[in-house]
Amino acid sequence: MTTSTLPFLVSAPGKIILFGEHSVVYEKPAIAASTASLRTYLLVSEANEQDSVELDFPDIKFNQKWSVSKLKQNYESFKDELLQNTLAKPSSLSYAPSQDSHLSPILTEKLIPPLLSNLQPNSIHYNAALCFLYLYFSINPPSQSTIPNLKFTIKSTLPIGAGLGSSASISVTLSAALLHLQDPTNHLMKMKDIINKWSYIGEKCIHGDPSGIDNLISTYGKAIYFQRNHPENQKILTTFPLLPMILTYTGIPRSTKTLVSGVRSLYRGKNTLCQTLLDAMGIVSEDALELFDHFQYTQSEFEELFQLVRINHGLLVSLGVSHPGLERIRCVSDELGIGETKLTGAGGGGCAFTILQKNLEREQVVEFKDKLENGLGYKTFETGLGGAGCCYLPRMAMTNDDLVNVLKVFSNSVSKTQLDSTLLPEKSNLSWII
């Protein structure tokens, strides 16, 4: 790669659990879908400073620079160990880690920690830098890089820490960008399997033992039907319809671990009853899979979808994982008759989504959002459900005017609306490769 191919962009979406949270822990099927306009964008450009690799993430007020010479020196110190350890072997485009790969202690305990000595371990900044450096050393180490000075700038319209797959979307964009830097002659969007596998490793840097669903959705987009410990049942729903949705973030803190433990206690104490609820949630996912297989946006199909959303939410309430703050969203959507609302994720706070009725007037949507934002203090996000996955915008696909606009939104603090109008795949004027 030469500097003439810079800058380039990579983008990847977040995700929501549409059906089957909690029951998926008990090996019932679930469906997750991508958030079309809630995305991470990564701009890879030439760094202003010589001998510099820079990670810039203004959304979390984080900027870190490393000397390329120092990175190369550290890497060379452990190179022999790295080459003997397949878990830390530098990537080739024919190699990617398997789903059961562990993180290399050579990287996580020896090579990387001295490079992060200024950061608090396990902080959001530390984990972001750890993910970046692990993928950097694994995929495109400094000894192989043909461009010494690189800047990686991340912008996201995903709320951080809301259970919407923000870390996975970051890991996907970093993996895709580093693979492209390694060999720009390869068609990046034909390498999604490799992108997905490396992004799973990035997720391990942040979460320890992730499910792998977030990075899968972020890589491929659309939706996925999955069942824990049954990979043979996994299906990427390539014909999943783009559904109009408002996602509401309550900001109410919740502990996923505590909520999962609560369901586990119910399962042990009222096994037969709880098993019936979990089985019913599995049936909801199965019915939804059948519905999405032939969805034509008819009113009867929307009514069936709303029914499944309503049933699944009710089952989650019965498991004890809702929250008054989430129920208020349902009350507002029912009062205005604009669609059907369900909690998503662990519950106990966090987020809910509302799939909207067909042909709503704009005023109805504005009223709904106003009641949630100004009346309840929540944050709302309009997005399609089931949009594009990881996509790529090379320099040669951008006009000079495109480039000016792209650099402007990355160099300034801009609203989500401005970011979407400039960058959003399938909506902006940019020629994204999907």
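Worth pointing out:
- Single residue of the stretch 13-53 satisfying the filter (of a type in the set (Phe, Trp, Tyr) and over 19 Å from Cys391 (Cβ atoms)) that is surrounded by the fewest Cβ atoms within 10 Å (Cβ to Cβ): Tyr26
- The condition of being out of contact with any Cys (no Cβ under 8 Å at 6 or more places or on another chain) and modelled with pLDDT of 90 or more does not hold for Leu93.
- Every pair of residues 6+ apart whose Cβ atoms lie under 7 Å, when the first sits in the stretch 23-42 and is touching a residue at least 24 places away in the same chain (Cβ under 8 Å) and closer than 14 Å to Ser218 by Cα while the second is in a helix (DSSP H, G or I) and acidic (Asp, Glu): Ser37/Asp420
- Filtering the stretch 284-328 to residues that are among the acidic types (Asp, Glu) and within 26 Å of the chain's Cα centre (by Cα) leaves Glu286, Asp287, Glu290, Asp293, Glu327.
- Residue list for the stretch 399-418, filter: among the hydroxyl-bearing types (Ser, Thr, Tyr) and either within 23 Å of the chain's Cα centre (by Cα) or part of a helix (DSSP H, G or I) (or both): Ser411, Ser413, Ser415, Thr417
- Of residues in the stretch 307-325 being in contact with a Gly (Cβ under 7 Å, 6 or more places away or on another chain) and in a helix (DSSP H, G or I), the one nearest to Ala30 (Cα to Cα): Leu316
Residues checked against (1) closer than 22 Å to Val406 by Cα; (2) outside any loop (DSSP other than H, G, I, E, B):
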site	(1), (2)
Ala12	yes, yes
Lys15	no, yes
Glu21	no, no
Thr35	yes, yes
Ser45	yes, yes
Asn63	yes, yes
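- Residue within the stretch 120-129 that is closer than 20 Å to Ser166 by Cβ and over 20 Å from the mean Cα position of the chain (by Cα) present: yes
- For the stretch 329-346, a tally of residues being more than 19 Å from Leu18 (Cβ to Cβ) and either buried (at least 19 other Cβ atoms within 10 Å of the Cβ) or within 24 Å of the chain's Cα centre (by Cα) (or both) returns 1.
- Residue check, Val317 surrounded by fewer than 22 Cβ atoms within 10 Å (Cβ to Cβ) and within 14 Å of Ile17 (Cα to Cα): no
- Those residues of the stretch 399-419 which are surrounded by fewer than 20 Cβ atoms within 10 Å (Cβ to Cβ) and in contact (Cβ under 8 Å) with a residue 60 or more places away in the chain, in sequence order: Leu403, Leu407, Val409, Ser413, Lys416, Leu419
- Scanning the stretch 238-276 for residues that are farther than 14 Å from Glu21 by Cα, loosely packed, with under 15 Cβ neighbours inside 10 Å and among the small types (Gly, Ala, Ser) gives Ser255, Ser265, Gly269.
- From the options Asn149, Asn118, residue that is in contact with a Ser or Thr (Cβ under 9 Å, 6 or more places away or on another chain) and in the same structural domain as Phe78 (by TED's automatic domain parsing): Asn149
- Exclusive hit being part of a strand (DSSP E or B), free of Cβ contacts under 8 Å to residues at least 40 places away in the same chain and either more than 27 Å from Thr219 (Cα to Cα) or not assigned by TED's automatic domain parsing to the domain that holds Tyr26 (or both), set Glu340, Glu303: Glu340
- Within the stretch 377-398, the set of residues being assigned to a helix (DSSP H, G or I) and surrounded by 15 or more Cβ atoms within 10 Å (Cβ to Cβ) comprises just one member, Arg395.
- Output for the stretch 272-300, where each listed residue is free of Cβ contacts under 8 Å to residues at least 40 places away in the same chain, within 29 Å of Leu360 (Cα to Cα), in a helix (DSSP H, G or I) and not hydroxyl-bearing (Ser, Thr, Tyr): Asp287, Glu290, Leu291
- Among (1) at pLDDT 95 or above; (2) in contact with a Ser or Thr (Cβ under 7 Å, 6 or more places away or on another chain); (3) in the same structural domain as Phe19 (by TED's automatic domain parsing) - the single one Lys192 does not satisfy: (1)
- Unmet criterion (only one of (1) among the basic types (Lys, Arg); (2) modelled with pLDDT under 90; (3) crowded, with 20+ Cβ neighbours inside 10 Å) for Lys222: (2)
Okay, residues lined up against (1) more than 19 Å from Phe226 (Cβ to Cβ); (2) out of contact with any strand residue (DSSP E or B) (no Cβ under 8 Å at 6 or more places or on another chain); (3) surrounded by 16 or more Cβ atoms within 10 Å (Cβ to Cβ); (4) at pLDDT 95 or above:
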{"residue": "Met281", "(1), (2), (3), (4)": "no, no, yes, yes"}
{"residue": "Leu289", "(1), (2), (3), (4)": "no, no, yes, yes"}
{"residue": "Glu301", "(1), (2), (3), (4)": "yes, yes, yes, yes"}
{"residue": "Leu326", "(1), (2), (3), (4)": "yes, no, yes, yes"}
{"residue": "Gly348", "(1), (2), (3), (4)": "yes, yes, yes, no"}
{"residue": "Lys358", "(1), (2), (3), (4)": "yes, yes, no, no"}
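The values are calculated or read from the model by the stated rules, or taken from the named source; none is laboratory data. Remember, predicted model here, so these are calculated numbers, not experimental data. Every residue, glycine among them, receives a Cβ derived from its backbone with ideal geometry; neighbour counts consider all protein chains shown.
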